[in-house]
Amino acid sequence: MMLAIFIYLVLINLVSFCFMYVDKQRAIKNQWRIPELTLLLLCLAGGFIGTFLAMKYVRHKTKHLPFHACVIFSAILWLFAIPFGYLKYVA
(Lines give C-alpha, C1' and ligand atoms only; values in the text may rest on other atoms or scores of the structure.)
Protein backbone atom coordinates (compact mmCIF):
# COMPACT_ATOMS: atom_id res chain seq x y z
CA MET A 1 0.00 0.00 0.00
CA MET A 2 2.74 2.47 0.94
CA LEU A 3 4.65 1.62 -2.23
CA ALA A 4 1.57 2.42 -4.32
CA ILE A 5 1.17 5.78 -2.57
CA PHE A 6 4.87 6.53 -3.09
CA ILE A 7 4.69 5.68 -6.81
CA TYR A 8 1.52 7.77 -7.18
CA LEU A 9 3.14 10.79 -5.52
CA VAL A 10 6.29 10.51 -7.63
CA LEU A 11 4.25 10.31 -10.85
CA ILE A 12 1.83 13.13 -9.97
CA ASN A 13 4.75 15.37 -9.04
CA LEU A 14 6.53 14.63 -12.33
CA VAL A 15 3.33 15.41 -14.23
CA SER A 16 2.82 18.58 -12.21
CA PHE A 17 6.37 19.78 -12.87
CA CYS A 18 6.06 19.01 -16.59
CA PHE A 19 2.74 20.86 -16.87
CA MET A 20 4.25 23.91 -15.17
CA TYR A 21 7.28 23.74 -17.48
CA VAL A 22 5.11 23.45 -20.60
CA ASP A 23 2.91 26.32 -19.43
CA LYS A 24 5.99 28.50 -18.90
CA GLN A 25 7.27 27.71 -22.40
CA ARG A 26 3.88 28.53 -23.89
CA ALA A 27 3.76 31.79 -21.95
CA ILE A 28 7.14 32.78 -23.38
CA LYS A 29 5.94 31.99 -26.92
CA ASN A 30 2.58 33.71 -26.33
CA GLN A 31 0.70 30.49 -27.16
CA TRP A 32 -2.38 28.82 -25.70
CA ARG A 33 -1.79 28.19 -21.99
CA ILE A 34 -2.69 25.41 -19.61
CA PRO A 35 -5.57 26.67 -17.44
CA GLU A 36 -4.51 27.69 -13.94
CA LEU A 37 -7.29 25.51 -12.53
CA THR A 38 -5.62 22.46 -14.10
CA LEU A 39 -2.31 23.36 -12.47
CA LEU A 40 -4.01 23.85 -9.12
CA LEU A 41 -5.91 20.57 -9.37
CA LEU A 42 -2.65 18.75 -10.08
CA CYS A 43 -1.21 20.41 -7.02
CA LEU A 44 -4.17 19.38 -4.86
CA ALA A 45 -3.97 15.85 -6.25
CA GLY A 46 -0.55 15.54 -4.61
CA GLY A 47 1.72 17.36 -7.04
CA PHE A 48 2.64 20.14 -4.63
CA ILE A 49 6.36 19.24 -4.62
CA GLY A 50 6.58 19.27 -8.43
CA THR A 51 4.64 22.52 -8.53
CA PHE A 52 6.89 24.12 -5.93
CA LEU A 53 10.06 22.97 -7.68
CA ALA A 54 8.78 24.33 -10.99
CA MET A 55 7.96 27.64 -9.35
CA LYS A 56 11.48 27.81 -7.96
CA TYR A 57 13.58 26.50 -10.85
CA VAL A 58 11.45 27.29 -13.91
CA ARG A 59 10.41 30.62 -12.33
CA HIS A 60 6.76 30.19 -13.22
CA LYS A 61 3.80 31.62 -11.29
CA THR A 62 6.19 33.27 -8.84
CA LYS A 63 4.21 36.51 -8.54
CA HIS A 64 0.75 34.94 -8.14
CA LEU A 65 0.06 35.05 -4.40
CA PRO A 66 -3.25 33.11 -4.60
CA PHE A 67 -1.37 30.38 -6.45
CA HIS A 68 1.28 30.32 -3.69
CA ALA A 69 -1.46 30.01 -1.08
CA CYS A 70 -3.00 27.03 -2.89
CA VAL A 71 0.39 25.29 -3.11
CA ILE A 72 0.96 25.80 0.62
CA PHE A 73 -2.57 24.65 1.44
CA SER A 74 -2.10 21.55 -0.70
CA ALA A 75 1.21 20.72 0.99
CA ILE A 76 -0.31 21.05 4.46
CA LEU A 77 -3.30 18.97 3.43
CA TRP A 78 -1.11 16.15 2.12
CA LEU A 79 1.31 16.31 5.05
CA PHE A 80 -1.62 15.63 7.37
CA ALA A 81 -3.46 13.21 5.07
CA ILE A 82 -0.58 10.77 4.55
CA PRO A 83 0.11 10.03 8.24
CA PHE A 84 -3.63 9.93 8.99
CA GLY A 85 -4.24 7.50 6.15
CA TYR A 86 -1.31 5.37 7.23
CA LEU A 87 -2.51 5.18 10.83
CA LYS A 88 -6.10 4.50 9.84
CA TYR A 89 -5.65 1.95 7.06
CA VAL A 90 -2.21 0.37 7.45
CA ALA A 91 -1.23 0.38 11.13
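The values are calculated or read from the model by the stated rules, or taken from the named source; none is laboratory data. Quick caveat: nothing in here was measured; it's all calculated off a predicted structure. Here the Cβ positions follow ideal geometry from the backbone for every residue, glycine too, while neighbour counts run over all protein chains shown.
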Six or more apart or on different chains, Cβ atoms under 7 Å: show the pairs whose first residue is in region 3-18 and more than 16 Å from Tyr89 (Cβ to Cβ) and free of Cβ contacts under 8 Å to residues at least 60 places away in the same chain and whose second is of a type in the set (S, T, N, Q) and surrounded by 14 or more Cβ atoms within 10 Å (Cβ to Cβ). Ser16/Thr51
Search region 49-91 for residues being charged (D, E, K, R) and not in a helix (DSSP H, G or I), and hand back the single one that is modelled with the highest pLDDT. Arg59
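What residue, among those in region 1-15 that are surrounded by 14 or more Cβ atoms within 10 Å (Cβ to Cβ) and closer than 24 Å to Phe84 by Cα, is farthest from the chain's Cα centre (by Cα)? Walk me through it before giving the result.
So the first thing to find is which residues in region 1-15 are surrounded by 14 or more Cβ atoms within 10 Å (Cβ to Cβ), and the list is 5, 9, 12-13, 15.
Those left that are additionally closer than 24 Å to Phe84 by Cα: 5, 9, 12-13.
Working: Ile5: 15, Leu9: 10, Ile12: 7, Asn13: 6 Å.
It comes out as Ile5.
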Identify the single condition in (1) modelled with pLDDT of 95 or more; (2) at positive phi that Gly46 does not satisfy, given that it satisfies every other one. (1)
Restricting region 63-82 to residues that are surrounded by 11 or more Cβ atoms within 10 Å (Cβ to Cβ) and not hydrophobic (A, V, I, L, M, F, W, C), the residue that is nearest to the chain's Cα centre (by Cα): Ser74
Give the residues of region 60-91 that are under 14 Å from Met2 (Cβ atoms) and of a type in the set (Gly, Ala, Ser), sorted by residue number. Ala81, Gly85, Ala91
Hey, could you check region 21-43 for residues that are in a helix (DSSP H, G or I), over 29 Å from Phe84 (Cα atoms) and not acidic (Asp, Glu) and say which is farthest from the chain's Cα centre (by Cα)? Ile28
